[in-house]
Amino acid sequence: MTFKGQNPHVRDGDQGGRLAERTLALVNIPSVSRAEADAMAYVRSELPLAPAWSSDDVLFATSKRTAGRPLVLLAGHVDTVPAQGNLPGRIEDRAVIGLGASDMKGGVAVMLELADWALAGELELDLGFLFFTREELPAEESPVPDFLQACPEATEAELVIVLEPTDNELHLGCVGNLSAELTFRGVSAHSARPWTGENAIHKAAAALAPLAELEPLDVEVDGLVFREVVSVVAIEGGIADNVVPDRCVARLNYRYAPGRSREQAEASVRELAGGAELEILGNSPPAHVVLDRPLVTRLREAGGFAVQPKQAWTPVAQFAEAGLDAVNLGPGATRYAHRADEQVETGELVRTFEALRRFCCTPGSV
């Protein structure tokens with residue numbers, strides 16, 4: 001098994017070497033969000049399967065479909081956050097180091113290698129491969145929801161595995177992500193005579209102070225504990241040093257557990273608004289937990305994976321909203337995502353690849 005541009009010094013039997021070189025090739029293609037064309041072109045050229053759906057932002061293909069076999073969809077994004085002096089990448093100390101190595105070009109490399117293998121593998125499951133752009137931006141910019149509405153075959157999947165970085169743990173569900181803007185109104189005045197006005201910043205400080213005292217709320221779902229948290233993440237106000245401000249704006253971020261609806265989350269934030277004007281800027285719902293599904297049990301056993309709640313928002317929520325079961329599982333280390341020294345260990349790439357092969361195969365065929 002080889003791929004275009006493969007290092008000639010990587011031996012045919014060296015799966016770790018192939019995965020590392022594949023990851024490095026992806027890392028070295030700049031693909032910050034909204035500028036992913038070159039990375040998508042690389043994926044198109046390397047994917048050995050005929051596309052079932054293709055656009056500038058989405059590439060979807062499947063292995064040969066067989067009646068009666070469940071479809072499992074592997075999904076990964078090709079975009080990254082902006083560079084931090086970490087391009088080009090390199091292979092060093094059995095790790096690929098560089099922009100996007102952990103989040104999530106290592107996962108994309110595993111997907112491409114599995115697509116090569118699926119051509120000749122003895123599969124018990126049909127495999128789908130979904131590559132997409134703009135994941136590192138607000139969810140409203142994602143091409144995934146429109147794709148799922150337009151491609152009925154993709155929604156036949158009985159399980160979606162999103163290869164986000166999880167340290168090779170099985171992360172189930174995910175928290176919802178709500179952003180809101182609070183506007184506090186006052187009356188401007190000369191700062192030498194503040195009693196003639198009403199200081200909007202002071203109003204905001206009084207209303208927001210209780211949020212600093214809020215403890216995380218633990219919510220248990222199917223034995224997994226998610227933490228609901230509210231944070232003030234930005235604040236803006238002021239006119240001049242000699243003016244009492246008449247306006248102050250604060251932004252809140254609320255992460256809420258599976259089982260809570262969009263509407264319930266918005267109602268909770270309104271209760272915290274303290275009389276301020278409230279505008280919901282974005283509200284991406286959580287994903288449901290799928291611990292009891294037979295395919296999830298099979299996946300867990302194939303890799304001996306520990307199970308954790310996903311204390312973050314990921315695209316599993318978009319698949320869940322389309323009625324699909326989805327989980328997070330990937331080789332990347334969460335502690336390295338978005339860092340200047342971002343990296344993924346070669347051994348973790350191999351572990352994900354081999355576990356997914358066992359998951360897909362007739363027992364004893366791997």
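Observations on the structure shown:
- The range 1-153: Cα Rg divided by the 2.2 N^0.38 Å rule of thumb: 1.05
- Estimated dipole of the chain in Debye, rounded to 20 [Cβ of Lys and Arg +1, of Asp and Glu -1, Cα centre]: 260
- Derived scalar couplings between HN and Hα for the range 187-195 equal 10, 6, 6, 6, 5, 7, 10, x, 5 Hz in order, rounded to whole Hz, by the Karplus curve 6.51 cos²θ - 1.76 cosθ + 1.60 (θ = phi - 60°), x for Gly and Pro.
- Shown is the FRET efficiency for residue 81 and residue 122, computed with R0 = 45 Å from the Cβ-Cβ distance and rounded to the nearest 0.05: 0.70.
- What the Cβ-Cβ distance of residue 191 and residue 235 gives, at R0 = 22 Å and to the nearest 0.05, is a FRET efficiency of 0.70.
- Taking amide H as placed 1.01 Å from N in the peptide plane, residue 221 has its amide H under 5 Å from the amide H of 226, each at least 5 places away in sequence or on another chain.
- Cα centroid separation, the range 82-140 to the range 219-257 (Å): 33
- Rounded to 5, the percent of DSSP beta bridges in the chain classed as antiparallel: 75
- Phi to ³J(HN,Hα) by Karplus 6.51 cos²θ - 1.76 cosθ + 1.60 over the range 153-164, Hz, x for Gly, Pro: 4, 5, 7, 7, 4, 8, 7, 10, 10, 8, 8, 5
- Lysine pairs meeting the criterion (Cα under 29 Å, 8 or more apart or interchain), as found in the chain: 4
- Percentage relative contact order, the chain, counting C-alpha pairs under 8 Å, at least six apart: 24
- In this calculation the C-beta distance from residue 202 to residue 141 is compared with R0 = 45 Å, giving a FRET efficiency of 0.80.
- When only Cα pairs below 8 angstrom with a gap of at least 6 residues are kept, the range 176-284 shows a relative contact order of 43 percent.
- Residues within the reach of a label modelled at residue 291 (point 7 angstrom out along Cα to beta-carbon, backbone nitrogen below 11 Å), restricted to the range 168-185, are 172-173.
- Fully extended contour minus Cα-Cα distance, from residue 156 to residue 264, at 0.36 nm per residue: 35.9 nm
Every number in this text was worked out from the coordinates using simple rules, so none of it is lab data. The shown structure was predicted, so the numbers you read here are calculated from the model rather than taken from an experiment. Note that each Cβ is placed from the backbone with ideal geometry, even for glycine, and that neighbours are counted across all protein chains shown.
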